[in-house]
Structure formats: structure tokens, C-alpha cells
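These notes are about the structure you will find just below.
The values are calculated or read from the model by the stated rules, or taken from the named source; none is laboratory data. It should be emphasised that the depicted structure is a prediction, and the values quoted were computed from it without experimental measurement. Note that we place each Cβ from the backbone using ideal geometry, even for glycine, and neighbour counts take in every protein chain shown. Areas reflect the complete protein model, heavy atoms only, side chains present, ligands, DNA and RNA absent. Shrake-Rupley method; radii C 1.70, N 1.55, O 1.52, S 1.80 Å.
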Amino acid sequence: MYIPSLSEIRKIIGYRKFDRYELILEVRKIPAGYKISGEIKGIVDDVELFSFPRPDKVLANNWQSWGPARVITKDFKLNFPKDLIEKFGFSASIMPEVYFDNLISDYFLAADTFVVGALKSEIGHVYFKLSDDTISVHLRYFGKMFDEWTPIEPIAVINLNPDDGLTYYAELIAKENNITFSSHNPVSWSSWYQYYLDFNYEKMISDLEKSKELDLGYEVFQIDDAWEIDIGDWVPNEKFPSLKEVADKIASYGYKPGIWLAPFSISETSNVFKNHPDWLVKNESGVPVVAYENWSKKIYALDTTHPEAVEWLKNLFVGLKANGFDYFKIDFLFAGAIQGKRYKHNVSPIEAYRMGLKVIREAVGDSFVLGCGAPLLPSVGLVDGMRISADTASFWDPNGPDIGYPNAYYALRNVITRNFMNNILWWNGPDCLMLRKEDTQLNDAHRELYTIASLLLDNMIIQSDNLSYEIDKNLWNLVKKYKTYGRRRFKVSGLMNGRYKITSCGTNGCDELVIDDLATLQYKVNYDTPRIELSKVVEKRTDGRIFNYYREKQ
């Protein structure tokens, strides 16, 4: 149904009958907008709920955490390199058959005067298809059969500009899903953006030693990809001793041990692939589906509905926790949500993904879980932190492909455009700070802007440097200083025009970061007027009385 304006959203109310399914839609008023809900019954693949006129400029969002969240105009064309389509596979979209030939936004869409977005994704996938003149709102259920009337994923229509409306949207999601996550946002070190796969136990110990010498104040020390035999075979390779020894060594320095793995990904060279092909998501012919390509290999998807695969997944994380790991970076999570046949029939990809994520969450208990490469909305309530950007990199390229490839420029752009999720849905992970002054193409301004934006937005702070290199100590001292201020309240404006202003308040007062041009690093930091610093004086009088008072530091 086409409506000429979102102000006429009530026109979509009512009962609709199609060849294979029935649908009832309801619309009720909420502060600043409307909530669309309803029920569905029958065999359902793709439902177009309604359509409305397309503005010239919209903020569009990709389905998983690496993908872009960017403002596009009507002349924007998706320019995805054709030679990468097969390699990216489902990492680009849960619906590659739609994505590569259309322009879509997943979960939400915003423009100058509105935000429209799904409040849940437990069964179906909400997306927006953009044509030249219209936007159509879709619910994708991937052929699922509903024997009984079942609630659809609710959608909010918010009549506010994105600077205000997106934060309100996130609050509605949190309320709808009764979200809880860790109250603490730890400061961490990660091996990845310094060493990549060239990491071993000796380098780990070297950086542990150096971290204490430099007194960097980490809470978590996390080893990344490089420790495992293969993707899917999560046991240490010849570069590392037992996982218990690794965790014990990290803990001996006073840090929480952290570990990386891609739990829903199975490499074509792994023992799991060779010995348990029945654990994989398959096509209609019973052949395992390639989820994506990486590590110069085909990567398949774990069927998180298969009882044996579920038991293997549970034991994997129970074992990691028993070995002493208390922080889990789980990556390439989109693999758990690919389309295909699973052991359990009539389970949507979204349901399967959430089933797998719940197994992990229950296995690790109150340990910190950082999602990465993850379907965003289906992950709410099941992770503590979320990487909300493409991989960062030791270079800054505003002209590179905006497709989720590593690039510090696009990573920081997403840190800003997805700012509203932070401390409402989870802790936003802006990806690692690289503060080394060698072995990098980043200059002082790149490092400073990335660090200050991450601090003012109260994001997770994770450093990834060889600590034997020269590190920008001033920036790390700034990190340590800001972490003493506690949680921050922040406001971001300028999302639609790209001239960003971040106002951030904490116990130190309110600071401001103004970015006139992110690409060319035109920015200014306005720190709050310094408070008078006081020093405590304890005076013991001759009569035995003790007086405590404060005086201004000179």
C-alpha cells in the first residue's frame, strides 16, 4: 500500500489476504510518532507492508556491524566490485540475491524529518527497498510457515530528525526487548591490528611485560586470530601452549584473559568440515552453502539447530571459560544467519542465529561478550559490546570502497553514524586505537581524532600496538584521564549533513568536538573550562584534634 506521507500511516491499518498468508496491521500513537504492530499467518517469504515517497537524502544502514551506515542521495549507486560479490557472500547481506541488484537499508532508515525502524528481529528481517521515487518497507520471513497467528516484528515511525530520533529509536528497542548488558566498559589490549596472523606466545609475553612497565592500566588482554589450528578447529596451534597456560599467563599480570574466535564459521580445511558435514547449513540439494570466503578458503556456516553442533558449540565455550577466559570477542557472526536448509525445519535464519548466540551467552555466563561482524538487531540483549564499524586500519582513505573493507576513515564514520546505539543497546566498540608512531600511515591528527571521538562518545577503548614501539603517550594519558570521569552523556548533531558536533558531559564538565570535514581532518576540540583543582590537607593540632580541609593547587 502506498501512502503519500508518513503522516497518513494510519491508512495501512486492517486485514489483508494473499495467496499463501494473511496479515493484520495495527497502528497506535506513541510519543513523537507511531508504532506499527500486527499478526501474520500462513507461509511467508517477503511482505511489503507499505511504501512512501523517498526524500533526496537518507541515512541507510547495513545489516551487520562491519557494513556501512551512511547518508546517501538519489544519485547514489551501489558500486560493489563484481569480483568480490562471491567472496563477500552473506557478509554483505542476509539477502545477497536482493542486495547486489537493489539499494536497501536494513532495520532502520532516517531522513531530515523522520526515523523509521524495526524494534525487534527475533524471527523476521525488516528492510527498506529504495527506488528512484519511493521507499518500500519489507518484512522477510524466508518461507517460514506460521500455523497460528503470530506477532510480526514491530516498527516505529518517529517524527523527529535523526540527531534526536535515532536515540529515541534505540530507547524504544531497549524497552521492547528488555535489554540488559554489562554495566562496565573495560579498557583492553588486542593483538590484531599490530600483528594480524603473525602473533605467537613469545610476542604475547613481550607485550604483557611492556604493558606493566608502561603502566597502561588495561583491564583485559585479548589474543586475536592467530592462535587456532583452523577456523572451526578451536585448539591452539604450534605457536601457543595450552589455552589454560595462555589464560593463566595473562591473569598473572592482573588482566582478564580475552580470546577471539568465529564460532559460526567452519573452514573447508577444518576437521569439523571433514568429519561433520551434517553440522553445516545446506542448499536444497543437500550441499553445504558457502557463507563467504576468507583466509584464502571457502567458509561454511554451522547449523545452530543441529543437536550435535549445538552441544559442540556449548562445550567449546564452557571449555574456554573453564580454562580462564573471561572476555570473548566472537567474530563473523553473520554466518549463523545465512539462508539455507537446517536440521530443524521451519526455522528462519534469524531464529537460528539467535539460538546459537543464546547457547554462547548461557555457556559463558556473566563474562563480557563482544559481537563482531554481527547482525545488529537480532543481537540485542545477547552481547555486552558490539563492533559497530568496518575494521580500522593503519591508513586513512576517504576514496576507498565503502563496502566494509578495513579503513580507518570509514570505521570512524560509522562510529559517529551509529553513535545512538551506545550504552542503550550495548557498549559500542569503535575498533582499536593504534597509537604507535611507527609501522603506520596514520599521522598525529588521525590518532588524535579517532581517540577523542571514541572517548567523547563513551565507547569501548581497545588498543592494538606493539608496545615496544614508540606510543603516543599523551593520547593514552588522555584515555586514562577520561576513564576516571565515569560514564558520559553525549549528543551528536549533524548526522545528515556530515558536519558533526559531539557534545559530551562527564564529571569533568562538558567537552565538544566539532568535525567540519571528516575526510580532510578539519576538526576542533573545545575542552570545558578547567575546574579549580583542590588538594586535601590533613592538619593535626597540638590538642590532638584533626582538621581536614582543601586548598587550591598552585
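Just a few scattered comments:
- Unpartnered cysteines - no second Cys beta carbon under 4.7 Å - across the chain: Cys372, Cys432
- Diffusion constant of the range 468-527 at 37 °C, which comes from Stokes-Einstein with the Kirkwood Cα-pair radius and 0.692 mPa s, µm²/s: 251 µm²/s
- Entry note: the range 205-273 has Rg to Rh equal to 1.05, where both radii use alpha-carbon atoms and Rh is the Kirkwood radius.
- Relative contact order [Cα under 8 Å, 6+ residues apart], the range 376-500, whole percent: 23 percent
- FRET E, pair Thr113, Lys87, Förster distance 45 Å, beta-carbon r, rounded to 0.05: 0.70
- Projecting the alpha carbon convex hull of the range 104-210 along each direction and taking the average yields 12.6 nm².
- Relative contact order [Cα under 8 Å, 6+ residues apart], the chain, whole percent: 13 percent
- The range 393-531 gives an Rg/Rh value of 0.94, both radii derived from C-alpha positions and Rh following Kirkwood.
- Additional length obtainable on full extension of the chain from Asn79 to Tyr527, 0.36 nm per residue less Cα span: 157.3 nm
- Helix axis angle, 349-364 relative to the chain longest principal axis, alpha carbon, degrees: 30 degrees
- Cα-derived Rg to Rh of the range 170-299, Kirkwood definition: 1.07
- Sequence-ordered 3J(HN,Hα) estimates for the range 276-288 from the Karplus curve with 6.51, -1.76 and 1.60 and θ = phi - 60° stand at 9, x, 6, 7, 9, 6, 10, 8, 5, 8, x, 9, x Hz, glycine and proline given as x.
- Virtual spin-label span in nm between Asp45 and Lys239, 7 Å along Cα→Cβ: 4.5 nm
- Surface share of carbon and sulfur [accessible, 1.4 angstrom probe, percent] for the chain: 49 percent
- Karplus (6.51, -1.76, 1.60) ³J(HN,Hα), θ = phi - 60°, over the range 319-330, in Hz, Gly and Pro reported as x: x, 4, 5, 4, 6, x, 6, 10, 8, 10, 8, 9
- Prolate/oblate/rounded call for the range 246-300, Cα gyration tensor, a/c under 1.5 rounded: prolate
- Contact order for the range 258-367, expressed relative to its length and based on alpha carbon pairs under 8 Å spaced 6+ residues apart, stands at 35 percent.
- Computed from the alpha carbon positions, the gyration tensor of the range 324-371 leads to an equivalent ellipsoid with semi-axes of 24, 11, 7 Å, biggest first.
- Stokes-Einstein, applied to the Kirkwood radius of the chain over Cα pairs at a viscosity of 1.567 mPa s and 4 °C, places its translational diffusion at 52 µm² s⁻¹.
- With Cα atoms, 0 to 90° folded angle of helix 473-483 axis to the chain main axis: 70 degrees
- What the chain shows is 41 Å² of accessible area per residue, with the surface traced by a 1.4 Å probe over protein heavy atoms.
- Stretched out straight at 0.36 nm per residue, the stretch from Ser131 to Asn159 would grow longer than its current Cα-Cα span by 7.9 nm.
- Calculated FRET value between Asp198 and Lys481, using beta carbons and R₀ = 35 Å, to 0.05: 0.60
- Helix 162-177 and the longest principal axis of the C-alpha atoms of the chain enclose an angle of approximately 80°.
- Label zone at Phe18 (point 7 Å along Cα-to-Cβ), backbone N below 18 Å, the range 82-102: 95-99
- Segment Glu122..Ser252, full-extension length gain: 42.7 nm, with 0.36 nm per residue of separation and the alpha-carbon distance subtracted.
- For the range 1-91: rounded, prolate or oblate by the Cα gyration tensor [a/c cutoff 1.5]: oblate
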